[in-house]
Amino acid sequence: MNLSEARAKLKEYGQEHVLRYYEELDETSKRELLKQIEETDFSVTKMCSKAGKPAERGVITPLSAMELTEIEREKERFAAIGLNAIRAGKVGAVLLAGGMGTRLGSDDPKGMYNIGLTKDVFIFQRLIENLMDVVKAADAWIHLFVMTSDKNHEATTGFFREHAYFGYNEEYIHFFKQDMAPAADYNGKIYMESKGKMSTSPNGNGGWYISMVRAGIRDVVLKAGIEWLNVFAVDNVLQKIADPVFTGAVIDRNCTVGAKVVRKNARDEKVGVMCLEDGRPSIVEYYELTEEMMDAQDEKGDPAYNFGVILNYLFKESALNELMDRELPLHIVEKKIPYMDENANPVNPEAPNGYKFEQLVLDMIHEMDSCLPFEVVREKEFAPIKNKTGVDSVESARELLKRNGYEL
Ligand code: UTP
C-alpha cells in the first residue's frame with residue numbers, strides 16, 4: 001500500500017491522525033506503518049457507538065446438561081470411546097494463550113506465572129502435566145496447538161524451550177499467532193503506541209480457528225487425522241485436557257460440540273449459562289438472565305438455567321471448517337490501553353481509557369448444530385486464575401490445588 005492509498009483508507013474511517021508523524025519516520029518505520037494500515041480492519045472502530053448496549057438475542061430456552069449421575073453410570077464406556085479416539089490420533093488440544101491477562105497484572109504471558117510456594121509451578125507446566133495424565137493413560141502423544149499473540153509469542157515460545165517443553169514431546173507442540181485488532185479511545189479514534197505504530201491488542205479468543213487455518217496449522221491437523229479439537233483457557237489450572245470421558249460422551253451423543261459446565265453456586269452467579277437460542281445451542285451471559293429465567297425450573301424441579309461454562313470445549317473440526325466464512329459478533333470491551341499522548345510521550349493508564357474489539361469463543365457455540373453440556377465437579381476441575389487475590393485468583397487456585405492433593 002502506498003501513502004495516498006493509506007490516506008484514502010484512513011479518511012474513510014476518520015483516522016487520518018495515524019499519519020500525523022509519518023514524515024518524521026525513517027524509511028523502515030514508514031514501510032511498517034503503511035503495512036499496518038493495509039492489514040488493519042478499521043471498520044471495527046465504527047462499533048464504538050454500540051458499546052454498552054446489549055446485543056439483540058433470539059428466544060432463549062433451557063438446554064439440559066448431562067449431569068454427574070448419568071456420567072458416573074456411563075463413565076467406563078465413555079472413557080473407552082475417548083481413549084480409542086485419542087489412540088487413533090483423532091483428538092487435538094488447543095491452548096488459548098493469546099490474552100493479555102491484564103487483571104493478573106504481570107507483564108509476562110499468564111502461563112509463565114509461578115503459582116508454586118516451595119518449588120516452581122508455572123501455569124504452563126500445570127497444564128502440560130494435566131495433559132500428560134491422558135497421554136500416559138492412552139499411551140499416545142496428543143498434538144497441542146498453542147495460540148499466542150504478537151505481544152507474547154516470543155516470550156511464550158522461549159519459555160517452553162527453556163523448560164524443555166516441561167517434558168512434553170516437542171514434535172507434538174505447535175505455536176501459532178492470533179490476529180490483532182486496533183484499540184481506540186471512547187470516540188473510536190485509534191490510539192497510537194508510538195509515532196509509527198497504532199495501538200493494537202489481540203482480537204479475542206474467538207478467532208482461534210481462523211488464525212490456526214491462516215497459520216497453516218490446519219495442515220498439521222488434517223495430516224494427523226485429528227477430528228476433534230479440545231479448546232481450553234490458559235488460566236484454569238485444575239482442568240482436564242483431552243479428557244477421555246468427556247470426549248467419549250460427546251462422540252457417543254453425536255454432538256458437534258461439547259462444553260464442560262459447572263453447576264451454578266448461586267442463581268445470579270456471574271457465569272455464562274448454557275441455553276438454546278432460537279432452538280440452537282448458545283450461551284446467555286449472567287447479565288442477560290432475567291429474574292424469570294433465574295427462577296425457571298425444569299421437569300425435575302431444578303433451576304432450568306443451572307450450568308455455567310468454564311471455557312473448555314470439544315469441537316468437531318469439520319463443523320468448524322464449515323463456518324469459516326461466518327462472522328462472529330464483535331464485543332466491545334473497555335480496557336486500559338497504553339498510548340502516546342499529544343506531546344508524543346508514552347502513557348500507561350491506571351484506569352480504562354478506551355475500547356478493544358474482540359470475538360469470543362463462546363459465540364462459536366451458537367454456530368454449531370448440537371451441543372452437549374457436560375457437568376464437571378467445580379472443586380475438582382475449575383480453578384481459574386484471573387486476579388492476584390480474591391475471587392478467581394492465584395490464592396483461590398492454590399487453595400483448590402492443595403485440596404486436590406497437589407504440592408505447591
Ligand atoms: P480472558 O477473558 O481472561 O482475557 O481470556 P485475558 O486477556 O487473558 O485477561 P484480562 O481480561 O486482560 O485479565 C480467557 C482465555 O482466552 C485467551 C486467554 O489467554 C485465556 O486463556 N484469550 C483471550 C486469547 O487467547 N486471546 C485473546 O485475544 C483474549
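The values are calculated or read from the model by the stated rules, or taken from the named source; none is laboratory data. Everything quoted here is computed from the prediction, not taken from an experiment. Using ideal geometry, Cβ is built from the backbone for each residue, glycine included, and neighbour counts are taken over all protein chains shown. SASA here: full protein model, heavy atoms, side chains in, ligands and nucleic acids out. Shrake-Rupley method; radii C 1.70, N 1.55, O 1.52, S 1.80 Å.
Of the listed pairs Lys35/Lys189; Lys11/Lys335; Lys50/Lys240; Lys9/Lys336; Lys53/Lys380, which have alpha-carbon separations greater than 29 Å here?
Going by Cα-Cα distance, Lys50/Lys240; Lys53/Lys380 fall outside the 29 Å limit.
Return the Cα extents of the range 358-408 along principal axes one, two and three, sorted largest first, each rounded to a whole Å.
41, 26, 15
Considering the chain as a Gaussian network with a 10 Å cut-off on Cα pairs, which listed residue, Tyr355, Tyr286, Tyr191, attains the greatest mean-square fluctuation?
Tyr286
Just for the chain, what percent of DSSP beta bridges are antiparallel, to the closest 5? Mind showing how you got there, number by number?
On the way: 36 of 58 bridges.
Percent antiparallel among DSSP bridges in the chain is about 60.
Averaged over all directions, how much area does the convex hull of the C-alpha atoms of the range 9-70 cover when projected, in nm²?
9.2 nm²
Given a 1.4 Å probe and every protein chain left where it sits, what share in percent of the accessible area of the chain is carbon and sulfur?
47 percent
Could you tell me which trypsin sites (Lys or Arg not before Pro) in the range 93-170 are loop residues by DSSP with no more than 12 other beta carbons within 10 angstrom of their beta carbon?
Sites meeting the loop and neighbour criteria: Lys119.
Compute the long axis of helix 27-39 from its Cα atoms, compare it with the longest principal axis of the Cα atoms of the chain, and write down the angle in degrees, 0 to 90, nearest 10.
With rounding to tens, the tilt is 50 degrees.
Using only the alpha carbons of the range 61-201, determine the length spanned along each of the three principal axes and report them from longest to shortest in whole angstroms.
Sorted largest first, the three principal extents are 60, 48, 33 Å.
With an 8 Å Cα cut-off and a minimum separation of 6 or more residues, compute the relative contact order for the range 234-348 in percent.
24 percent
With +1 on the Cβ of every Lys and Arg and -1 on the Cβ of every Asp and Glu, and nothing else charged, how large is the dipole of the range 128-175 about its Cα centre, in debye rounded to the nearest 20?
60 debye
Could you provide, to the nearest whole Å², the per residue accessible area of the range 198-245 with probe 1.4 Å?
Accessible area per residue, the range 198-245: 29 Å².
Using a Gaussian network model on the chain with a 10 Å cutoff between Cα atoms, which of Asn130, Asn114, Asn187 fluctuates the most?
Of Asn130, Asn114, Asn187, the most mobile in the Gaussian network model is Asn187.
Mean 1/r over all different Cα pairs, inverted: what Kirkwood radius does the chain give, in Å? Mind showing how you got there, number by number?
Numbers: mean 1/r = 0.0442 Å⁻¹.
Roughly 22.6 Å, rounded to one decimal.
With a probe of 1.4 Å, find how much accessible area the range 1-54 has per residue, and write the answer as a whole number in Å².
Spelled out: the 1.4 Å probe surface of the range 1-54, per residue, equals 65 Å².
At a threshold of 8 angstrom on Cα-Cα distance, excluding pairs fewer than six apart, so keeping six or more, what relative contact order does the range 82-167 reach in percent?
Relative contact order here is 41 percent.
Expressed as a whole percent, how much of the Cα-Cα distance distribution for the range 259-408 exceeds 25 Å?
Considering the range 259-408, 46 percent of its Cα-Cα pairs are separated by more than 25 Å.
Would you compute, from DSSP H runs of 4+ residues alone, the mean residue ellipticity of the chain at 222 nm, taking -39500 (n - 2.57) per run and dividing by the full residue count, rounded to the nearest 500?
Result for the chain: -8500 deg cm²/dmol, rounded to the nearest 500.
Taking the radius of gyration and the Kirkwood hydrodynamic radius from Cα positions alone, what is the Rg/Rh ratio for the range 167-235, to two decimal places?
Details: Rg = 16.4 Å, Rh = 14.7 Å.
Checking Rg against Rh, the ratio lands at 1.11.
With a 10 Å cut-off between alpha carbons and a GNM built on the chain, which of Ala184, Ala140, Ala97 moves the most?
Checking each option, the largest mean-square fluctuation is seen for Ala140.
In what sequence, largest accessible area first, do Phe145, Phe382 appear using a 1.4 Å probe?
Phe382, Phe145
So what is the relative contact order for the chain, in percent, with contacts set as C-alpha pairs under 8 Å and at least six apart?
After rounding, I find 23 percent.
How large is the direction-averaged shadow of the alpha-carbon convex hull of the range 27-121, in nm²?
Hull-based average projected area comes out at 14.8 nm².
Calculate how steeply helix 68-87 sits against the longest principal axis of the alpha-carbon atoms of the chain, using the helix alpha-carbon long axis, and give the answer as 0 to 90 degrees to the nearest 10.
Around 70 degrees separate the two axes.
Take the chain, mark every one of the GluC sites (Glu not before Pro) that falls in a DSSP loop and has at most 12 other Cβ within 10 Å, then report the longest stretch left between them, sites excluded.
57-298
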